[in-house]
Amino acid sequence: MHSFLKRGWTWLACGFAWFALGQAPGQAAEFDQPPEWAREAIWYQIFVERFRNGDSTNDPRPEYMQGAYPGFVPDDWQITSWHQDWYEQEDWAKVEGENFHKLAAARRFGGDLQGVLDKLDYMQHLGITAIYFNPLNDSPSLHKYDARHYRHIDRTFGPDPVGDTVIIDAEDPVDPATWKWTAADQLFLKLIREVHRRDMRLIIDYSWNHTGNTFWAWKDLVKNQAESRFRDWYDIVSFDDPETPENEFQFKGWLGVKTLPELKKVNVSGKRERHGHVFEGDLHPEVKAHIFNITKRWLDPDGDGDPSEGVDGFRLDVATHVPLGFWRDYRKFVRGINPDALLLGEAWWTKWPDELMDPRPFLQGDIFDSVMHYQWYKPARRLFAHAEGGLKPTGFIAEINRVYAGYSPAQTQNLMNLVASHDSPRFGTSFQNKHKYKYRMGARGNKELKLGPPSTEVVREMRMMLLHQFTFTSAPHIWSGDELGMWGADDPDCRKPILWDDVEHRPQVFTPDGQRHAPIPVKPDMEMFNFHRELIALRKKRPDWSRGQLNYILANDNAMTLVYRRKLDKRETFVAFNLSGELQTIRLTTGNSTKKEILVESNPGSVAGIRHEKSATNLTISPYSGVAIGVE
């Protein structure tokens, strides 16, 4: 028996002691409100493997990729060049009988934490105040949702993968007293310090619903079956009977994916559904204690009771697949370590592809502070992109009122409003293709999909959407690369390497099926970058954009005009849109204010005419344009 098995119960006692600390009586009410900083956050999401290769000496190698989809590493595999034409298959990827999208999962571009450090000044220049990292935990895949170890940063994200492997292998996975800091861990701690030094926050992504099939406890269970010390950690249907020639071993994988075995849920009540649902219960006590130990490790790395050197919270993957009882205890535990930590859940689909989940059950003050708010994006896309048959202004208001009904003011302010993510088509591609959100948005299943840069007309729509996103209630989010005008279909095409101005990217020539078309230049769109930067600067300068009362002033379905106002104290902003193909004139009641100014236009020339009167402003707006007018 391994030494870590012998010491397991000692570790559990320690884990439950921390658990009890997190549930100290009288704490819950104190921590019901979301942290203040999240209400004014401007989010930037980073998928490290595709963000920036800052250190080529740590690039992934085949031995670190074993166990990840597609289940094998092709012969002669090599790192893919950052400037690669996305649909051009490498020589090693030309495997008979395999398609591009399957082999794309075996690609690695070498993004790492040094690359993030190298671009912190870029993010600060853009105006970002909070970073959301996709999983950083050690894992064989490019996406890291199939954890090999929760407790360490991926070895290929740091400067010494070989040395980190030695450290990890020498530890007892269930005993925190034996855990060391790898070189990758230490570089991440440095990154935390550098982010905080710039007055920015960061949260990291974990899936407490499942692990990968290379996770240490799962490997022990597969080997030892019913005799495994970890037999109760996972949702096992049946163990193998060694007395028979058949393999009876069956288990539940997330959404049926057998490389993502699900952790054990206990005391479950309520209906569980494929895409997640609201249900009571908990995770197995040993699993729960391990998760709490990992959580404490990153919230308070030196264990001195001061969380300032730790992460500022967590984004929680497939959160609706995990029981509510666990989440309530998790919130108490996290807030007991850092009262200012943010818990942000993923509450996405109820019925694919038509019905998004109602996140309110998770936002009652005892579970999450915020969610990834795709619920806002769907009606906004229908209005500004004229997608899915479009929406009239009054229909948009009705949909938005339905989406936001029942949220507290604090929750409304800090919901994460996003136009794209690692799980969706990029912003430009989503607006370029007008059919149902996410449905048939993957290049492998829809040969009619437009996979090039958005047209001039679509860019006008996108810029209106951005003006709305940054002037509307809830915290705006940027999927890294969207600010540079990147395009791409649904996963995996939304995970292309970021376009940096010091990398000369090959033009887009290839199609998903290996055909060729006329070259399309691939380079950063600095006009889009500068527009993001302008909007961010204004949102930071004008608290009425983030905290002001929201009122709809005008919704004219015939003229396709919409106006809303954000007001805080004596400062207010009128945000007006013309969603028609003709000039439209709007009269705004702006009161007796002496200062009235155009803050920003969605496009140069959006304001075709403006005349201020004593208590009103007459505004003529160009077709498919928007403008924000500041009044003080």
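Taking Cα centroids, how far is the range 316-350 from the range 101-116 in Å?
28
State, to one decimal in nm, how far the label point of Asp76 lies from the label point of Leu568, with both points 7 Å from Cα in the Cβ direction.
Going from the Asp76 label point to the Leu568 one covers 5.9 nm.
Along the three principal axes, how long is the range 149-190 when you take its alpha carbons, biggest first, rounded to the nearest angstrom?
Result for the range 149-190: principal-axis Cα extents of 25, 19, 13 Å.
Grab the DSSP H runs of the chain that are 4 residues or longer, score each as -39,500 (n - 2.57), total them, divide by all residues and round the 222 nm result to the nearest 500 deg cm²/dmol.
-8000 deg cm²/dmol
Which whole number in µm²/s is D for the chain by Stokes-Einstein, with the Kirkwood Rh taken over Cα pairs at 10 °C and 1.306 mPa s?
62
If amide hydrogens are placed 1.01 Å from N in the peptide plane, which non-local residues have theirs closer than 5 Å to the one on Arg108?
Residues meeting the criterion, in which the H sits 1.01 Å from N, are Thr80.
Rounded to the nearest percent, how much of the accessible area of the chain (1.4 Å probe, protein heavy atoms only) is carbon and sulfur?
49
With all protein chains present and a 1.4 Å probe, how do Met560, Met526, Met123 order by accessible area, largest first?
Ranking Met560, Met526, Met123 by accessible area, largest first, yields Met526, Met560, Met123.
Ratio of alpha-carbon Rg to the 2.2 N^0.38 Å globular estimate for the range 253-298, to two decimals, please.
1.32
So for the range 82-195, averaging the separation of alpha carbon pairs under 8 Å that are six or more residues apart and normalising by length, what relative contact order in percent results?
Reported as a whole number, the value is 21 percent.
On a 25 Å Cα-Cα criterion, which of the cross-link pairs Lys144/Lys271; Lys351/Lys496; Lys265/Lys296; Lys144/Lys264 come out too long?
Pairs exceeding 25 Å: Lys144/Lys271; Lys351/Lys496.
Please report the relative contact order for the range 148-218, taking Cα pairs under 8 Å with a sequence separation of at least 6, and give it as a percent rounded to a whole number.
That works out to 38 percent.
Ranked from highest to lowest mean number of other Cβ atoms within 10 Å per residue, what is the order of the peptides 475-486, 163-174?
Result, highest mean first: 475-486, 163-174.
Can you tell me the relative contact order of the chain? Whole percent, Cα pairs under 8 Å, sequence separation 6 or more.
13
Can you find, among Val48, Gly71, Tyr87, the residue sitting farthest towards the positive end of the charge dipole of the range 41-108, where Lys and Arg contribute +1 and Asp and Glu -1 at Cβ?
Checking the options against the dipole of the range 41-108, the answer is Val48.
Take the Cα atoms of the range 156-294, build their convex hull, and give its volume per residue in Å³.
Dividing the Cα hull volume of the range 156-294 by its residues yields 161 Å³.
Accessible area per residue of the range 470-546 at 1.4 Å probe, in Å²?
Heavy-atom accessible area per residue stands at 39 Å².
Using alpha carbon coordinates only, what is the Rg to Rh ratio of the range 338-447, with Rh defined as the Kirkwood radius?
In the range 338-447, Rg relative to Rh is 0.99.
Give the long-range amide H neighbours of Gly253: residues separated by 5 or more places, or on another chain, with amide H under 5 Å away, using H modelled in the peptide plane at 1.01 Å from N.
Sorted by chain and number, the residues that satisfy this are Glu262.
Which whole-number value in Å² is the accessible area per residue of the range 96-203, probe 1.4 Å?
30
So what's the gap between the Cα centers of the range 218-278 and the range 571-594, to the nearest angstrom?
59
Kindly report, to the nearest 10 Å², the accessible surface of His83 as traced by a 1.4 Å probe over protein heavy atoms only.
Here the accessible area works out near 60 Å².
Just the accessible area per residue of the range 369-443, please: how many Å² with a 1.4 Å probe?
On a per-residue basis, the range 369-443 sits at 25 Å².
Expressed as an acute angle from 0 to 90° and rounded to the nearest 10, what is the orientation of the C-alpha long axis of helix 183-197 relative to the principal long axis of the chain?
The answer is roughly 30 degrees.
At a probe radius of 1.4 Å, what is the per-residue accessible area of Glu309, in Å² to the nearest 10?
Only protein atoms counted, so the area is about 40 Å².
In whole Hz, with x marking every Gly and Pro, tabulate ³J(HN,Hα) for the range 361-378 from phi via Karplus 6.51 cos²θ - 1.76 cosθ + 1.60, θ = phi - 60°.
My calculation for the range 361-378 gives x, 9, 10, 9, x, 10, 10, 10, 8, 7, 9, 6, 8, 4, 4, 6, 5, 4 Hz in order.
Run down the lysines and flag those whose C-alpha is under 20 Å from the C-alpha of Lys541, throwing out any fewer than 8 positions away in its chain.
List returned: Lys567, Lys570, Lys595, Lys596.
The values are calculated or read from the model by the stated rules, or taken from the named source; none is laboratory data. Note that this is a predicted model, so its numbers are computed, not measured. When we count neighbours, we look across all protein chains shown, and the Cβ atoms used for this are built from the backbone with ideal geometry, even at glycine. To get the accessible areas, we keep the full protein, side chains included, count just its heavy atoms, and leave off ligands, DNA and RNA. Shrake-Rupley method; radii C 1.70, N 1.55, O 1.52, S 1.80 Å.
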